[in-house]
Amino acid sequence: MSALADGPVRYGLTQEQRDLRDMVRELAVGRIAPRAAAIDAAGEFPQDVRQLLAEHDVLALPFAEAYGGTGTGTLMTVVAIEEIAKACASSALILAVHDLGTLPIRIDGSDELKARVLPKYAAGEWLAAFALSEPDAGSDAGALRTNAVAVDGGWRLNGAKNWITNAGVAGAYVVFAVTDGAAPPSRGMTAFLVEADAPGFAVAKLEHKMGMRGSPTGQLTFDDVFVPDGNVIGSVGDGFKVAMRTLDRSRLGIAAQALGIAQGATDYAAAYARERTAFGKPINQLQAIQFKLADMETRTAAARELLYRAAAKADHDEPDLGKYSAMAKLFCSDTAMDVTVEAVQVLGGYGYVTEYPVERMMRDAKLTQIYEGTNEIQRVVVGRSLR
């Protein structure tokens, strides 16, 4: 292992970033948390929260100042996702997917494409989406069947995508398609930016989910959709590399979401245990409950250290970012699931009813172990780095 990988990585927030964090925290506590239960119950995308995040430049966090962003870096973005997820995981996903769906453009897009579309994203005029998974290609990204054929001035796309977050609300979709029939298909994959109003593009259906119910997930279809050459992201045939470079960084947003869920559940369970009495005293004086809360807080704090270190590696373009982002996503999401299960247990019967938020947090936590690469895939990534 290199000295760089072993050496200390400094991470921390500047005063400006701490002020931004506090602003996001205030929005989450005062404006988003009171909406969280209703967002979950309705199962509808919260346009009011989207507008709130846009008005306060939260959606500008992933972007450089040259494109109307805050220029505050990856660490600040994950901190903001964490703060929102403490209150409402579905709302946090708005920012997390905004980061994910624009990363291919920010990393590999042409200067012309960046100048044309990134200001729309930074202003919140467009929401982003990332369309890689298909009905028969989830963890196996090399098994894509959606294809693109070169025509005069651009490409014609045909196929379908599954499990796409922001389906129906995104302004444009980063879509990966096979472009040359090479074997395996991943060698001939290309990334395209497909605008939502493109003829032949449709959202075929929306899924009904256990958790993250305020975030639309759906199937996209492409029927001879024309994409101009200017909307190709990176080089033709390099789409697999574009996808992997994106995922090395975007996993951090899901890790941050999971971390926020875990901290939100821990905070709620601790507050409940201070007020709930049994056997003549608050239950936080019972050792069985104390030990649960202690383990919840300790695991969440450990997850934060790993995530922030990984985010600092992204900001410094360190070579072992892929391993650290996989470890952060894996550890934060497993922590979220374990902590929320324990939070339900601390609340007992009250934890199992929708009047209290921890059952929602538990349902939301499960998805963090699945999307943006299942935790089994994250273990493969980490394991391969140790060869």
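The values are calculated or read from the model by the stated rules, or taken from the named source; none is laboratory data. Keep in mind that this is a model prediction, so the values were computed, not measured. Every residue, glycine among them, receives a Cβ derived from its backbone with ideal geometry; neighbour counts consider all protein chains shown.
Within the option set Leu103, Leu59, being outside the structural domain of Gln263 (by TED's automatic domain parsing), at pLDDT 95 or above and either closer than 28 Å to Thr266 by Cα or in contact with a strand residue (DSSP E or B) (Cβ under 7 Å, 6 or more places away or on another chain) (or both) holds for one residue only, Leu59. The single condition from (1) in the same structural domain as Thr298 (by TED's automatic domain parsing); (2) over 22 Å from Thr335 (Cβ atoms) that Thr221 fails is (1).
Specify the residue that is surrounded by the most Cβ atoms within 10 Å (Cβ to Cβ); the eligible residues are those in segment 82-111 that are in a helix (DSSP H, G or I) and of a type in the set (Ser, Thr, Tyr).
Filtering first and then ranking leaves Thr102.
For segment 317-338, does any single residue satisfy the condition of being in a helix (DSSP H, G or I) and over 18 Å from the mean Cα position of the chain (by Cα)? Checking segment 317-338: at least one residue is in a helix (DSSP H, G or I) and over 18 Å from the mean Cα position of the chain (by Cα).
None of Ala273, Ala243, Ala258, Ala262 is farther than 17 Å from Val358 by Cα, in a helix (DSSP H, G or I) and of a type outside the set (S, T, N, Q) except Ala243.
Which residue is nearest to the chain's Cα centre (by Cα), if the candidates are limited to segment 115-152 and must be in a loop (DSSP other than H, G, I, E, B) and surrounded by fewer than 16 Cβ atoms within 10 Å (Cβ to Cβ)? Within segment 115-152, the match that is nearest to the chain's Cα centre (by Cα) is Ser139. Any residue that is over 29 Å from Thr74 (Cα atoms), in contact (Cβ under 8 Å) with a residue 12 or more places away in the chain and surrounded by 17 or more Cβ atoms within 10 Å (Cβ to Cβ) - is there at least one of those in segment 292-303? Within segment 292-303, one or more residues are over 29 Å from Thr74 (Cα atoms), in contact (Cβ under 8 Å) with a residue 12 or more places away in the chain and surrounded by 17 or more Cβ atoms within 10 Å (Cβ to Cβ). Tally the residues that are of a type outside the set (D, E, K, R), out of contact with any His (no Cβ under 9 Å at 6 or more places or on another chain) and more than 14 Å from Thr70 (Cα to Cα), restricting the search to segment 16-28. The total comes to 1.
Taking the conditions exactly as written (assigned to a helix (DSSP H, G or I) and of a type in the set (Phe, Trp, Tyr)), does Phe222 satisfy them or not? When the stated conditions are applied, Phe222 does not pass them. Scanning segment 1-43 for residues that are surrounded by fewer than 16 Cβ atoms within 10 Å (Cβ to Cβ) and touching a Pro at 6+ places or on another chain (Cβ under 8 Å), we see that the one that is modelled with the highest pLDDT is Ala37.
Considering segment 255-291, the residues that are surrounded by 21 or more Cβ atoms within 10 Å (Cβ to Cβ) and among the hydroxyl-bearing types (Ser, Thr, Tyr) include one that is farthest from Thr77 (Cα to Cα), namely Tyr272. Inspect segment 202-213 for any residue being surrounded by fewer than 24 Cβ atoms within 10 Å (Cβ to Cβ), assigned to a loop (DSSP other than H, G, I, E, B), aliphatic (A, V, I, L, M) and not assigned by TED's automatic domain parsing to the domain that holds Lys313 and give the result as yes or no. Yes: one or more hits. Beta carbons closer than 8 Å, at least 6 apart along the sequence or on distinct chains, pair a first residue in segment 107-126 that is on the phi > 0 side of the Ramachandran plot and in contact (Cβ under 8 Å) with a residue 12 or more places away in the chain with a second that is buried (at least 22 other Cβ atoms within 10 Å of the Cβ) and among the hydrophobic types (A, V, I, L, M, F, W, C) for Gly124/Leu53; Gly124/Leu59; Gly124/Ala60.
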